[in-house]
Each structure stands twice: as C-alpha cells, then as structure tokens.
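These notes are about the structure you will find just below.
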Amino acid sequence: MALAGVKVIELAGLAPAPFCGMVLADFGAKVIRVDRTKVFTTVDTLARGKQSVAINLKTAEGVALLRRLCVQSDVVLEPYRKGVMEKLGLSPYELLRENPRLIFARLTGYGQNGCYATAAGHDINYLAMSGLLSRLGRSGEKPYAPPILIADFAGGGLTCALGIVLALLERTRSGKGQIIDASMSVNMMPQKVSE
C-alpha cells in the first residue's frame, strides 16, 4: 500500500472531505475521522477503512486533544469554512510551527481567498460557476443536474487527495510540510508557509 505509515486526521464534514479521506485510506493511510459529539450518526459509506473518534471542540480539553492529534500526524484534512480552525486556535501556521512536516489540506467550496471565501456553496453552484453545468444535457435543451456530485467528488475530494500525495512526495525531498488550499470551484494552489 503506497500510503502505509501515513497518519491522517480528517475533520468530519460533508461529501468531499470524507471521499478524500476514503481514497487515502484505500491506499493504506491510517485515517482517523474526528466526529462531533452528540450527533445522530447513520451508516456512512465514505467511512471505509477509517477509525473514528468523537471530540467536543467546544471545550478547551477537546481543542487540546485535537491539537495533539494534529501535531502527531502527517496530514490534517480540514473541510470547514475560512476562519473556523483559527477561531479554535488551530491555525495551520500554528500547527506547522509545532510539526514542520505537517501537510494541512483545506478543502472548501471557494478556497481561502477571494470574494466567495466565506460563502456556503453546493455542488450545483460549483458546476454552474465553472461552466460545466452548461455542458450537461442534450444540445438545445436546458442543462440538468448530474446524478452524482461531480464537483464535490472529482473537483474537490479527488483533487485534494492528489494534492496531499504530491505534498507528501515533495516532503520527501524538502523535509517540509505545506498548506494545501483545495476547493470545488477553483484549482488547488499550494501556499508558501511564512516563517
């Protein structure tokens, strides 16, 4: 398994992040999904090959536990909107100071920068904004929504998994981790970590 020995902390989120974590687990990574406490759970088909732990991030103890998990890991997969991790005191820059080899993958709808960075979005929005939605359907008819989440799975989850694998490869050369900004609506762009 190509990713055997790689430890990933996946913060629970909607489709793209769990799909990304499942792809990494399928290739041998040890993926630990951090779930919310006191949440009704259902059978999650994207949980294949993962371990799970519930942490209350509304407590100082929960945040401290998550910090320890993150700095002891190779990868953190974060699906929250811009600023959520910073409010918890777990900015990727802080975690990289504690573990300079950490790969911190941010997977959002619109990325960390730009006018839509704090906006909520859905697969159909990303497809429409990219122009892909107009290509779905028959010529001369209105487009119709695809039966699967194309932007979430292919544009977000799979692209993020590729970014993580490439960052792990680059880390073997430089010894340094990095922050990955992957989104469903824009291309993935590595960010330089400020000293």
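Selection within the range 125-154: residues that are touching a residue at least 24 places away in the same chain (Cβ under 8 Å), part of a helix (DSSP H, G or I) and among the hydrophobic types (A, V, I, L, M, F, W, C). The member of this set that is surrounded by the fewest Cβ atoms within 10 Å (Cβ to Cβ) is M129. Just so you know, in the range 155-186 the residues that are of a type outside the set (A, V, I, L, M, F, W, C) and not in a helix (DSSP H, G or I) include one that is farthest from K82 (Cα to Cα), and it is G175.
For the range 64-100, a residue qualifies if it is modelled with pLDDT of 95 or more and β-branched (V, I, T), and the qualifying residues are V75, V76.
In this structure, T118 does satisfy being exposed (fewer than 14 other Cβ atoms within 10 Å of the Cβ) and part of a loop (DSSP other than H, G, I, E, B).
Applying a threshold of 6 Å to beta carbon distances and a minimum spacing of six or more residues, or different chains, the list of pairs starting in the range 1-29 at a residue that is touching a residue at least 40 places away in the same chain (Cβ under 8 Å) and ending at one that is part of a helix (DSSP H, G or I) and basic (K, R) is empty. Among residues of the range 155-182 being out of contact with any strand residue (DSSP E or B) (no Cβ under 6 Å at 6 or more places or on another chain) and among the charged types (D, E, K, R), the one that is surrounded by the fewest Cβ atoms within 10 Å (Cβ to Cβ) is R173.
The values are calculated or read from the model by the stated rules, or taken from the named source; none is laboratory data. Because the structure is predicted, anything quoted here is derived from the model rather than measured. Cβ: placed from backbone, ideal geometry, glycine included. Neighbour counts: every protein chain shown.
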